[in-house]
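**Q** Okay, handing you the structure first.
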Amino acid sequence: MNKRCGELRTTERVKAARDAKSKTAQGFIVLLLALLVLLTAFLFVNSTYFTVGSVIIQGNKYVAVDDIYRIAGIPERINIFRLHTGDIQERLKNDLRIAEVEVTRQFPTTIIINVKERMPLAYVASSYGFVQIDKQGVVLAAFKNLRQVNVPIITGIRLGNVYVGDRVDALPLQNALAYLAALDEPVLNQLSELNIQSPDQMIAYTVNSVRIRVGKGERLEEKAKLTRDILAEIQQRNMPVDYVDLNFASPFIKFKQ
């Protein structure tokens, strides 16, 4: 009896040992599979051969998407897990054309870049070619040639060796910028040129060849409002206008013969 009990206990111990070994082996296999899955996921996430996620750019009008990608250091094959939002934001902040920028991650695989641009107000000829300036006279960009003009060109004045980041404070140019800055965007887009003939004589030209004699650098906000109202009336009534003179208390309009 005692012998049988001893054999039974031995059998139970052997079985328990086998079960323990089996559970240990199963646990090891599960752990190995989990590590394999994690390793595969890690290699996929950090791979340079796959496009993972997307980058959405918002708020840009003047700065091209390709320029933003280049400045931000975003590669052609995007892997957002390898991109650092703080680094992207700092790079874009260093571009003078961008006033503010916010870079955020949107779950699960999207980065959103929201930019607020410095508004280019005009182009001016320089010794290099042309420079793009904002309302403070800060040079935002320089071009050898102008392929596309989306803001007026200021003529009658030529800048010397000015570089991106420089501020131009010549009085005739500042008066021209003050007049243009007082216009809202739809009206600004109707102007093709602002000519500075002399410190006392500025003439704006619309895309429809209407001349606007702005005159001296005084009452510029008032003259900008008159420009907006008169151009709206000309467009609404399809008036054949030769030129508009804003030098008088009441603007004078000369019609084409």
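**Q** Determine the shape class of segment 132-244: with a ≥ b ≥ c the square roots of the Cα gyration tensor eigenvalues, call it rounded for a/c under 1.5, and otherwise prolate if a/b is greater than b/c, oblate otherwise. Provide the component values of the computation, followed by the final result.
**A** Details: a/c = 2.01, a/b = 1.59, b/c = 1.26.
It comes out prolate by the Cα gyration axes.
**Q** Are any of the pairs K61/K256; K116/K216; K144/K223; K135/K254; K223/K256; K93/K223 more than 25 Å apart by Cα-Cα distance, and if so, which?
**A** Details: K61/K256 37 Å; K116/K216 33 Å; K144/K223 33 Å; K135/K254 30 Å; K223/K256 22 Å; K93/K223 35 Å.
Cα-Cα > 25 Å for K61/K256; K116/K216; K144/K223; K135/K254; K93/K223; rest within.
**Q** If the chain between M119 and A232 were fully stretched, how many nm would it gain, using 0.36 nm times the residue separation less the Cα-Cα distance? Before the final figure, lay out each step's value.
**A** On the way: separation 113, 0.36 × 113 = 40.68 nm, distance 2.29 nm.
Net length gain for the segment: 38.4 nm.
**Q** With the Cα gyration tensor of segment 182-257 giving a ≥ b ≥ c as the square roots of its eigenvalues, does the rule (a/c under 1.5 for rounded; else a/b larger than b/c for prolate; else oblate) give rounded, prolate or oblate? The partial results should precede the final answer.
**A** Values: a/c = 1.43, a/b = 1.29, b/c = 1.11.
Because its axes are fairly even, with a/c under 1.5, segment 182-257 counts as rounded.
**Q** Next question. Can you give me the solvent accessible area of I71 with a 1.4 Å probe, rounded to the nearest 10 Å²?
**A** Around 30 Å² of this residue is reachable by solvent.
**Q** Another question about this same structure. With every protein chain present, what accessible area does V149 have (1.4 Å probe, heavy atoms only), rounded to the nearest 10 Å²?
**A** 70 Å²
**Q** While we're looking at this one, here's another question. Would you kindly calculate the mean projected area, averaged across all directions, of the convex hull enclosing the Cα atoms of segment 92-163, in square nanometres?
**A** Working: hull surface 23.8 nm².
Seen from a random direction, the Cα hull of segment 92-163 projects 6.0 nm² on average.
**Q** How high is the relative contact order of segment 55-116, in percent, counting Cα pairs under 8 Å that sit 6 or more residues apart? If you can, show how the numbers build up before the last one.
**A** Details: 78 pairs, mean separation 26.5, N = 62.
Computed value for segment 55-116: 43 percent relative contact order.
The values are calculated or read from the model by the stated rules, or taken from the named source; none is laboratory data. In this text the structure is predicted, and so the values were computed from the model without any measurement. Surface areas here come from the heavy atoms of the whole protein model, side chains and all, with no ligands, DNA or RNA. Shrake-Rupley method; radii C 1.70, N 1.55, O 1.52, S 1.80 Å.
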